[in-house]
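Visitor: Here you go, one structure.
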Amino acid sequence: MEERGGAGQEAGSWQYRVDSYGFERPEDFDYVTYEEFFSRYLVILTRRAIKWSKLLKGKNSIQKSLKVKRYIRKGIPNEHRALIWMVVSGAQANMEQNPGYYHKLLEGEKNYKLLEAIRTDMNRTFPDNIQFRKTADPCLQQTLYNVLVAYGHHNKAVGYCQGMNFVAGYLILITKNEEESFWLLDALIGRILPDFYSPEMMGLKMDQEVLGELVKMKVPAVAELMDRHGVMWTLVMSRWFICLFIDILPVETVLRIWDCLFYEGSKILFRVALTLIKQHQASILEATNFPDICDKFKEITKGMFVTECHTFMEKIFTEPGSLSMATINKLRETCRAKLLAQG
Amino acid sequence: MPGLVPDEACDYLFKIILLGDSDVGKTCVVHRFHSGHFRERHHNTIGVDFSVRSLLLDGKKVKIQVWDTAGQERFRTITQSYYRSAHGAILAYDLTRRSTFESIPHWIHEIEKYGAANLVIMLIGNKSDAVDKRQVLFEDACTLAEKHGLLAVLETSAKEAQNIEEVFTLMAKELIARNTLQLHGENPPNSIYLDSRPVIASQSPEKSPCLC
């Protein structure tokens, strides 16, 4: 953990069983194919790193602009990722306006039930990551616990929702900073995402409906298949959306998605979901029963299509076609009203 | 008709939902049943997870779909939509944590409210490998099961593969029996109770499955 350097360290080291974030690779990990991809990606990473250092010119700030948006879509170099996330999400500004707030939360009075709920998930957050092991030094479990406890007391309406442990865990892996992770979590849950994590999970239910509508518009054959076999979208996508694709897609791909999530907002999640579905439409349509459909939706999140994160990110902006924020907002409004009417 | 979903490759297809508080070992139970292995290291379940296994019971091919759910209370708002189509529910508690047992009546209430009327419910006390930390007496679980007319109580260990097969076999056999009765029209649907008293089984050999 000495440096923020990420993916770059593993060039030419395909014998490594642990990736640069500390995740152990599965036993059946295809090193040869990965190495092939990575040597190509490394060229892109290097080019982007040069472009970004010219853009930043050693400064610690950045103004939103079309150029920056384009740069972010092409990936933030890992060494700048924490900073850019902090700046574009507004987390940096909030942190500066509220000095000492985070530590006050940790020192304040505690809700015992909340602590218990958080503690229950500590050993179940990235047990496959060496930095989250109890024996690790420093052990990120304690950092994670603090961030979640502080957040639960900061946003009492949400408290703790399972899934937040993974999101906070990723933030910690990238920022390597407790307080920054807290403010980024606040940016995500408090501003960027709809209310996915509140006890009613209204935002999640709403976005499930919205995804259903979007699939109806853009990939009608798949919508029809789901309908015919009574597969609810919630089965497929609650994990996708709550975990913001953690543990669904490869780490590097998730981080690239989050780059855009912090800059462009939550509609990026629909772009990712729609791309996965549209790209694999033919395969999904081969399914003839409920379990097959479930399997297909697991299958489409694996393989080179999602590992090749750079091409994948290009795809999400072309494959689903136009997806304006106005369309999303309108759908969200209708779906929320429909859900509220159902009680 | 419940339990008799046509499927080209099996005689019966049963949907079983697994419910219970967070960290009682639901995912490990399913994983043990599904793969025969115990996973020490795994993530907490988000939303609903799904797996299938086929069993051969008395010459009949039975396919069991298991719906594994997130334990945290707020996820019920998502998992409830699955209760309706389930034929059986397995309610799990951790026998080393009293509070997870005390939640069982809430889970029963949930499933009675949102599940089908003739749903078969079983209770399992998981982590029987850690009896030295036991906080729930087997007798208390039996009393609770009898009170609510559950099918059975079993103490299980996903870690040591105790009673896991038994849970699903017992559930499947009961569902087959109810179905057969319904097929022969001996009873109108929704009113079949072969025996409302619980079958009791713990993991120790002296307390093998029996009718009480």
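The values are calculated or read from the model by the stated rules, or taken from the named source; none is laboratory data. All values reported here derive from a predicted model rather than from experimental measurement. Note that we place each Cβ from the backbone using ideal geometry, even for glycine, and neighbour counts take in every protein chain shown. Ligands, DNA and RNA are excluded from the accessible area calculation, which covers all protein heavy atoms including side chains. Shrake-Rupley method; radii C 1.70, N 1.55, O 1.52, S 1.80 Å.
Visitor: When all protein chains stay in place, what accessible area (Å², nearest 10, 1.4 Å probe) is found for A:Val87?
Guide: Here the accessible area works out near 40 Å².
Visitor: Something else now. Rg to Rh ratio, segment A:95-192, alpha-carbon atoms and Kirkwood radius?
Guide: Dividing the radius of gyration by the Kirkwood radius yields 0.94.
Visitor: Tell me the accessible surface of A:Tyr31 in square angstrom (1.4 angstrom probe, heavy atoms of protein chains only), to the nearest ten.
Guide: Its accessible surface works out to 40 Å², give or take rounding.
Visitor: May I pose another question? What number does segment B:12-183 give for Rg over Rh if you use C-alpha atoms and the Kirkwood radius?
Guide: 0.93
Visitor: If you don't mind, another one. Can you give me the Cα centroid spacing of segment A:130-191 and segment A:229-278 in angstrom?
Guide: With segment A:130-191 and segment A:229-278 each reduced to a Cα centre, they are spaced 20 Å.
Visitor: Per Stokes-Einstein, at 37 °C and 0.692 mPa s, what whole-number D in µm² s⁻¹ belongs to the protein assembly as shown, with the Kirkwood radius over Cα pairs as the hydrodynamic radius?
Guide: After rounding, the answer is 130 µm²/s.
Visitor: With a cut-off of 8 Å between alpha carbons and a minimum separation of six or more residues, what is the relative contact order of segment B:12-183 in percent?
Guide: 26
Visitor: Looking at the protein assembly as shown, what % of its DSSP beta bridges pair antiparallel, to the nearest 5?
Guide: If I count the DSSP bridges inside the protein assembly as shown, around 35 percent turn out antiparallel.
Visitor: Roughly how many whole Å is it from the C-alpha centroid of segment A:29-92 to that of segment B:96-172?
Guide: So the separation of the two Cα centres works out to 51 Å.
Visitor: If you don't mind, there's one more thing I want to ask. Please report the accessible area of A:Met206 (heavy atoms, 1.4 Å probe, ligands and nucleic acids excluded) in Å², nearest 10.
Guide: A:Met206 has an accessible surface of roughly 10 Å² with all protein chains in place.
Visitor: Something else now. Convert 20 °C to kelvin, take the viscosity as 1.002 mPa s, use the Kirkwood radius over C-alpha pairs of segment A:202-342 as Rh, and evaluate the Stokes-Einstein diffusion coefficient in µm²/s, rounded to a whole number.
Guide: So the translational diffusion coefficient is about 140 µm²/s.
Visitor: Next question, about the same structure. Counting partner chain Cβ atoms within 10 Å of every residue's Cβ in A:157-163, what's the average?
Guide: Partner-chain Cβ atoms within 10 Å, mean over residues of A:157-163: 4.
Visitor: Which pairs break 28 Å Cα to Cα here: A:Lys59/A:Lys134; B:Lys127/B:Lys173; A:Lys134/A:Lys176; A:Lys218/B:Lys26; A:Lys113/A:Lys338?
Guide: Long pairs (Cα-Cα over 28 Å): A:Lys59/A:Lys134; A:Lys218/B:Lys26; A:Lys113/A:Lys338.
Visitor: Right, another one. Over 20 Å between Cα atoms, which of A:Lys51/A:Lys315; A:Lys54/A:Lys74; A:Lys267/A:Lys315 qualify?
Guide: Beyond 20 Å between Cα atoms: A:Lys51/A:Lys315.
Visitor: Using a 1.4 angstrom probe on the protein heavy atoms only, could you order B:His106, B:His34 from most to least accessible area?
Guide: B:His106, B:His34
Visitor: Just the C-alpha atoms of segment A:7-79: what Rg/Rh do they give, with Rh taken as the Kirkwood radius?
Guide: 1.07
Visitor: I need the trypsin sites (Lys or Arg not before Pro) found in segment A:108-166, filtered to DSSP loop residues with at most 13 other beta carbons within 10 Å of theirs.
Guide: Answer in residue order: A:Lys110, A:Lys134, A:Lys156.
Visitor: On to the next question. For the full complex of protein chains and a 1.4 angstrom probe, list B:Thr27, A:Thr135, A:Thr253 by accessible area with the highest value first.
Guide: A:Thr135, B:Thr27, A:Thr253
Visitor: Which order do you get for B:Ile108, A:Ile44, A:Ile50 if you rank them by accessible area with a 1.4 Å probe, largest at the top?
Guide: Ranked from most to least accessible, the order is A:Ile50, A:Ile44, B:Ile108.
Visitor: Only sites in a loop by DSSP and with at most 15 other Cβ atoms within 10 Å count here; which GluC sites (Glu not before Pro) in segment A:41-109 make the cut?
Guide: Here the GluC sites (Glu not before Pro) that fit, given the DSSP loop and packing criteria, are A:Glu109.
Visitor: Would you calculate a helix-derived [θ] at 222 nm for the protein assembly as shown, using -39,500 (n - 2.57) for each DSSP H run of n ≥ 4 and dividing by the full residue count, to the nearest 500?
Guide: The helix contribution divided over the protein assembly as shown gives -15000 deg cm²/dmol.
Visitor: Note down the Stokes-Einstein diffusion coefficient of segment A:226-305 in µm²/s, whole number, using a Kirkwood radius over alpha carbon pairs, 20 °C, and 1.002 mPa s.
Guide: 161
Visitor: Out of segment A:17-77, which GluC sites (Glu not before Pro) are coil in DSSP terms and have no more than 15 other C-beta atoms within 10 Å?
Guide: Sites meeting the loop and neighbour criteria: A:Glu27.
Visitor: Still on this structure, please answer the following. Count, for each residue of B:44-55, the Cβ atoms from other chains sitting within 10 Å of its Cβ, then give me the mean as a whole number.
Guide: So the per-residue partner count for this stretch is 6.
Visitor: Considering only A:Gly163, A:Ala223, A:Thr175, whose Cα is most displaced toward the positive end of the charge dipole of segment A:141-237, charges sitting on Cβ of Lys, Arg (+1) and Asp, Glu (-1)?
Guide: With unit charges placed on the Cβ atoms, the residue in question is A:Ala223.
Visitor: Give the Cα extents of segment A:146-224 along the principal axes, in whole Å, largest first.
Guide: Principal extents (Cα only, largest first): 46, 26, 19 Å.
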